[in-house]
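In what follows, a structure is listed as structure tokens, so that the remarks can point back to it.
The values are calculated or read from the model by the stated rules, or taken from the named source; none is laboratory data. Predicted, not measured: the structure shown is a model, and the values here were computed from it. A quick note on method: Cβ atoms are made from the backbone with ideal geometry, for glycine too, and the neighbour counts reach across all protein chains shown.
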Amino acid sequence: MLLYNQPASKAVESFFQNFHAQDTVALKNQFVNGASMHSLAIKGDERTTSASTVNTFLKSIASIPANVTFEERLTSLKTVADDHIASVHTDYEFYVNGKRSHTGRNVFTMVFVDDAWKITQITDTRIY
């Protein structure tokens, strides 16, 4: 079973390596066509949802100036998977220029196609 040779968690770890390297070509290859992204921003009692396309996400990653450093530090990772579908949850702390910006959780929904785990959706919370 290919699941055991390449767990979904490794695909998520690869996603973050590509994210930090701003490698939009590699990132794009990790998504299925039509994948979606959703966020819930929490600031005190205020909650705001937003949705984005993968292309919008990739453009935003590519537009980060070279003088801005960013890092999403994973503090936990849990996977529920079978041979065809997986859900990977990660808690994180997000840093910009060495200062913590926010914390939250990501939920990656993935399917195993073409001998690889591909992202169908990412939903995250951002707690400020």
### Qualifying residue in region 46-68 (condition: closer than 17 Å to Ile122 by Cβ, surrounded by 16 or more Cβ atoms within 10 Å (Cβ to Cβ), in contact with a Leu (Cβ under 8 Å, 6 or more places away or on another chain) and of a type in the set (Ser, Thr, Tyr))
no
### Query
If you go through region 114-124 one residue at a time, do you hit one that is in contact with a Lys or Arg (Cβ under 6 Å, 6 or more places away or on another chain), farther than 22 Å from Gln6 by Cβ, among the charged types (D, E, K, R) and modelled with pLDDT of 95 or more?
no
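A quick yes/no check of all residues on (1) surrounded by fewer than 13 Cβ atoms within 10 Å (Cβ to Cβ); (2) farther than 14 Å from Glu13 by Cα; (3) hydroxyl-bearing (Ser, Thr, Tyr):
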| residue | (1), (2), (3) |
| --- | --- |
| Ser36 | no, yes, yes |
| Lys43 | yes, yes, no |
| Asp82 | yes, yes, no |
| Ile85 | no, yes, no |
| Asn97 | yes, yes, no |
| Asn106 | no, no, no |
| Thr120 | no, yes, yes |
| Thr125 | no, yes, yes |
### Task
Output the residue which, of all residues in region 14-28 that are in contact (Cβ under 8 Å) with a residue 40 or more places away in the chain and part of a helix (DSSP H, G or I), is surrounded by the fewest Cβ atoms within 10 Å (Cβ to Cβ).
His20
### Query
Among the residues of region 62-74, is there at least one that is in a strand (DSSP E or B), of a type in the set (Lys, Arg) and over 21 Å from Asn18 (Cβ atoms)?
no
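Restricting to region 35-58, what's the tally of residues that are part of a strand (DSSP E or B), under 15 Å from Lys118 (Cα atoms) and without any contact (Cβ under 8 Å) to a residue 40 or more places away in the chain? Let's see the steps before the verdict.
Initially, region 35-58 is screened for residues part of a strand (DSSP E or B), giving 35-43, 46-53.
Pick out the ones that are also under 15 Å from Lys118 (Cα atoms) and you get 35-37.
Next cut, without any contact (Cβ under 8 Å) to a residue 40 or more places away in the chain only: none.
Number satisfying all stated conditions: 0.
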### Task
Return the only residue of Tyr128, Tyr95 being in contact (Cβ under 8 Å) with a residue 12 or more places away in the chain, under 10 Å from Glu72 (Cβ atoms) and not small (Gly, Ala, Ser).
Tyr95
